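The values are calculated or read from the model by the stated rules, or taken from the named source; none is laboratory data. Since this is a predicted model, take the numbers as computed values, not measurements. Cβ coordinates were reconstructed from backbone atoms using ideal geometry, including for glycine residues, and neighbour counts include every protein chain displayed. Surface accessibility is based on the protein's heavy atoms, side chains included, excluding ligands, DNA and RNA. Shrake-Rupley method; radii C 1.70, N 1.55, O 1.52, S 1.80 Å.
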Amino acid sequence: MAKKELDVLLKEERVFEPPEDLVERSNIKQWMDEQGIADYDELLEKAEDREWYWGEVAKELDWFKPWDKVLDDSDAPFFKWFVNGKINITYNAVDRHMKTWHKNKVAYIWEGEPGDIKKLTYRDLYIEVNKFANALKSLGIKKGDRVGIYLPMVLELPIAMLACAKIGAIHSVVFSGFSAKSLRDRMNDCEAKLVITCDGFYRRGKIVASKESADEALKDAPSVKNVVVVRRTGEDVDMHNDRDIYWDELVEGESTHADAEEMDSEDILYILYTSGTTGRPKGIVHVQGGYAVGIYNTLKNVFDLKKEDIWWCAADVGWVTGHSYIVYAPLIAGVTSFMYEGAPAYPHGDRWWEMVEKHGITVLYTAPTAIRAHMRLGDEWPKKHNLSSLRLLGSVGEPINPEAWIWYHKLIGNEKCQIMDTWWQTETGNFMISPLPITPLKPGSATRPLPGITADIFNEDGESLINKGGHLVITAPWPAMLRTLYKDDERYKEVYWSRFPGVYLAGDVARKDSEGYFWIQGRSDDVVNISGHRLGTMEVESALVSHPAVAEAAAVGIPHEIKGEAIKVYVVLKKDQTPSAELKDELRIWVGKEIGPIARPDELGFVEDLPKTRSGKIMRRVIKAKAKGEPVGDVSTLSNPEAVDGLDNAE
Ligand code: PRX
């Protein structure tokens, strides 16, 4: 790569103006023309009247009954959107397409890791969702009941989610890479009545035994009465007679018709657990109405999807990106999505590019970590393929570094695709800070807040900052926002709304430049971002101290070339234990087993002691600085300053 080009990007000097034909044909430009809005600035300004903007765009969905009021903020921060509106998100995602030619359009093209391909039209999807919705009812699942879904990237995953939403049951999807313990904790927290899993799935040519993990988890999850098992691999698994049933046997003979439950806009759609700063994950609550409006509007505007597009959001449905932009939004928009079961670059480095060419993908949305991993494999892999079907690219999950940006733009986008860097969170439900097709890009910046969204950078005193790093905040509510943390209103208020009253604290550090472009720098709390996935360092520490040899542990994030961040841990062993290479491996594997493979620490060192304050609190700031090789700053408040040097000798 040309060093000069990189230097220019590093200095944030290069602006990529959107190509004229992209602007002219874009959904957002068309909408602006209809509204008589002349340009980008006017759009953002006009949409500052949030109730007008969101009320206007919400009309594009089908409502059983319209809302009385767009926003009720009388009980902040418990905001209500589309008050008294009645809607069903699955009706919007599936049923309404039955009235048009869309019913015969492909909703999903799916490719399994071994290379098997399936296609589902909207009508096929309608039938499968209805059958499974009826099957759920036959198992006694009713509106408001919680259903756990522990499935990999198979088509039954969106089908199960849509079926739950159709009958008003609340789904809680647990990423298939999470451990039995993670599944158990989540199922117990939401008191799921039913869990849907599979016999296993393919990952790097091996079979991952989901049913075994589910069985292990459910040994101690008393609320779960039934388990539905999807046959993916056909391997024999243990079936508990009175509890387990295969999906195909369950849906056999079920009616292909099911009415969508009329849901209140504010009824819960799903709970998705995400990491916070304590050892206990937070159950993010999203609702049917505002969420549907927000995700649909942002997908349509940012990725500009049209009837002829083939959209590939290469995330896992187990994370919010998949919930919003593989399942609900593309279906509401009537788009064809591509879904891939397996590992990237498996069995060869061009697996992704082969699929882009084969299926004619037009818009690809992925994470910088995947781009960096492909970059490292070498340019020859994408060069083997004709990627000219691509017209737009996207990035999410972490800041995209200039090297990865240039590679993605050149090698994948052939220098003709704008890159939509979308900043958002599990909590926000939809893209928040992101370019539109009309936005000039500055590589590395997620650009400006979307219409109807207002963000800012605050210093410690809540004053707005320009060109200085500070707290990223969202200054007004938006429809797809989380409504609370499941069963924990107090923690919701405390985590997001207490630092600056009336303002949502994102937990990120960022900077806003003089043109209003946002540059995300990373997390401000004890959360690490590994390959675009969030993990609380406390979760890793709790996993470690549950091992019989460990007395204390401190986990911190350190920079990693591919993953963005990796975990480094310092461990104090119990008095009777001796450090050894074997124990080190055992502990790393232990964390992977307790939480899931993404949490396995890259580095682990044994120390005699951890730096602590006089009140006995571990000084994370000092440990973080040491792990990254940065100056440790003031250590005068430490009760054991010698422990700081001890960190250098961790073995
Ligand atoms: O730190 C930000 C980072 O990911 C966090 C949200 O993580 P999660 O809820 O797991 O959702 C990930 C996918 C939406 C944010 O607080 N993040 C997300 N997108 C970006 C980002 N950092 C920089 N640039 C982004 N585009």
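Name the single residue that is farthest from GLY283 (Cα to Cα) among those in region 420-441 being aliphatic (A, V, I, L, M) and crowded, with 24+ Cβ neighbours inside 10 Å.
LEU436
List pairs: first residue in region 452-474 and under 12 Å from VAL503 (Cβ atoms), second residue open to solvent by 40 Å² or more (accessible area, probe 1.4 Å) and in a loop (DSSP other than H, G, I, E, B) anywhere in the structure, Cβ distance under 6 angstrom, at least six positions apart or on different chains.
The qualifying pairs are THR454/THR475; ASP456/THR475.
Where the second residue is open to solvent by 40 Å² or more (accessible area, probe 1.4 Å) and of a type in the set (Asp, Glu) and the first is modelled with pLDDT of 90 or more and lies in region 555-566, which pairs have Cβ atoms under 6 Å and are six or more apart or on separate chains?
Here the result reads GLY557/GLU565; ALA566/ASP602, each pair linking region 555-566 to a residue that is open to solvent by 40 Å² or more (accessible area, probe 1.4 Å) and of a type in the set (Asp, Glu).
Yes or no: LYS563 within 16 Å of the ligand (Cβ to nearest atom), surrounded by 15 or more Cβ atoms within 10 Å (Cβ to Cβ) and basic (Lys, Arg)?
Yes.
What do you reckon, is GLU403 within 9 Å of the ligand (Cβ to nearest atom), among the acidic types (Asp, Glu) and open to solvent by 10 Å² or more (accessible area, probe 1.4 Å)?
The answer is no for GLU403.
If I filter region 102-135 down to residues being more than 26 Å from the chain's Cα centre (by Cα) and within 22 Å of ILE170 (Cβ to Cβ), which single residue comes out as most open to solvent (accessible area, probe 1.4 Å)?
LYS131
VAL622 is checked against (1) among the β-branched types (Val, Ile, Thr); (2) open to solvent by less than 40 Å² (accessible area, probe 1.4 Å); (3) not in a helix (DSSP H, G or I) and fails just one. What number does that condition carry?
(3)
Please verify whether region 467-479 includes one or more residues that are within 22 Å of GLY394 (Cα to Cα) and either more than 16 Å from the ligand (Cβ to nearest atom) or open to solvent by 50 Å² or more (accessible area, probe 1.4 Å) (or both).
no
Output the helices (runs of 4 or more DSSP H) that fall wholly within region 156-238 and possess 2 or more residues being closer than 28 Å to THR90 by Cα and out of contact with any helix residue (DSSP H, G or I) (no Cβ under 8 Å at 6 or more places or on another chain), or say none.
180-190, 210-218
So which strands (runs of 3 or more DSSP E) are wholly in region 504-603 and hold at least 2 residues that are in contact with a Ser or Thr (Cβ under 8 Å, 6 or more places away or on another chain) and over 30 Å from LEU44 (Cα atoms)?
Hits in region 504-603: 527-530, 533-536, 550-560, 564-573.
Taking the conditions exactly as written (surrounded by fewer than 21 Cβ atoms within 10 Å (Cβ to Cβ) and within 16 Å of the ligand (Cβ to nearest atom)), does THR274 satisfy them or not?
Judged against the criteria, THR274 is a match.
Filter region 439-465 down to residues that are part of a loop (DSSP other than H, G, I, E, B) and within 30 Å of HIS385 (Cβ to Cβ) and give me whichever is farthest from the ligand (Cβ to nearest atom).
Restricting to residues being part of a loop (DSSP other than H, G, I, E, B) and within 30 Å of HIS385 (Cβ to Cβ), the top hit is PRO440.
In the set VAL607, VAL527, VAL572, which member is β-branched (Val, Ile, Thr) and within 16 Å of the ligand (Cβ to nearest atom)?
So the residue among VAL607, VAL527, VAL572 that is β-branched (Val, Ile, Thr) and within 16 Å of the ligand (Cβ to nearest atom) is VAL527.
CYS417 fails exactly one of the following numbered conditions: (1) touching a residue at least 24 places away in the same chain (Cβ under 8 Å); (2) open to solvent by 10 Å² or more (accessible area, probe 1.4 Å); (3) more than 15 Å from the ligand (Cβ to nearest atom); (4) closer than 26 Å to SER388 by Cβ. What is the number of that condition?
Among (1) touching a residue at least 24 places away in the same chain (Cβ under 8 Å); (2) open to solvent by 10 Å² or more (accessible area, probe 1.4 Å); (3) more than 15 Å from the ligand (Cβ to nearest atom); (4) closer than 26 Å to SER388 by Cβ, the lone unmet condition for CYS417 is (2).
Residues of region 532-555 being open to solvent by less than 10 Å² (accessible area, probe 1.4 Å) and under 21 Å from PRO368 (Cα atoms), which ones?
If the condition is that a residue be open to solvent by less than 10 Å² (accessible area, probe 1.4 Å) and under 21 Å from PRO368 (Cα atoms), then LEU535, GLY536 are the ones that fit.
Look at CYS190 and say whether it is open to solvent by less than 10 Å² (accessible area, probe 1.4 Å), over 17 Å from the mean Cα position of the chain (by Cα) and under 20 Å from ASN130 (Cα atoms).
In short, no.
Determine which member of the set VAL363, VAL356, VAL396 is farther than 25 Å from HIS286 by Cβ and buried (at least 22 other Cβ atoms within 10 Å of the Cβ).
VAL356
Quickly run through region 239-270 and pick out the residues that are under 30 Å from ASP68 (Cβ atoms) and in contact with a Leu (Cβ under 9 Å, 6 or more places away or on another chain).
MET263
If we keep just the residues of region 512-524 that are within 12 Å of the ligand (Cβ to nearest atom) and open to solvent by 40 Å² or more (accessible area, probe 1.4 Å), which is nearest to SER434 (Cα to Cα)?
Of everything passing the filter in region 512-524, GLN521 is nearest to SER434 (Cα to Cα).
Sort out which residues of region 3-28 are β-branched (Val, Ile, Thr) and at positive phi, and write them in order of number.
none
Looking at region 496-506, can you tell me whether even one residue there is out of contact with any Asp or Glu (no Cβ under 9 Å at 6 or more places or on another chain) and within 30 Å of ALA404 (Cα to Cα)?
For region 496-506, residues out of contact with any Asp or Glu (no Cβ under 9 Å at 6 or more places or on another chain) and within 30 Å of ALA404 (Cα to Cα): present.
Consider ASP488 carefully, then state whether it is within 16 Å of the ligand (Cβ to nearest atom), charged (D, E, K, R), touching a residue at least 40 places away in the same chain (Cβ under 8 Å) and closer than 22 Å to ALA76 by Cβ.
For ASP488, the condition - within 16 Å of the ligand (Cβ to nearest atom), charged (D, E, K, R), touching a residue at least 40 places away in the same chain (Cβ under 8 Å) and closer than 22 Å to ALA76 by Cβ - is not met.
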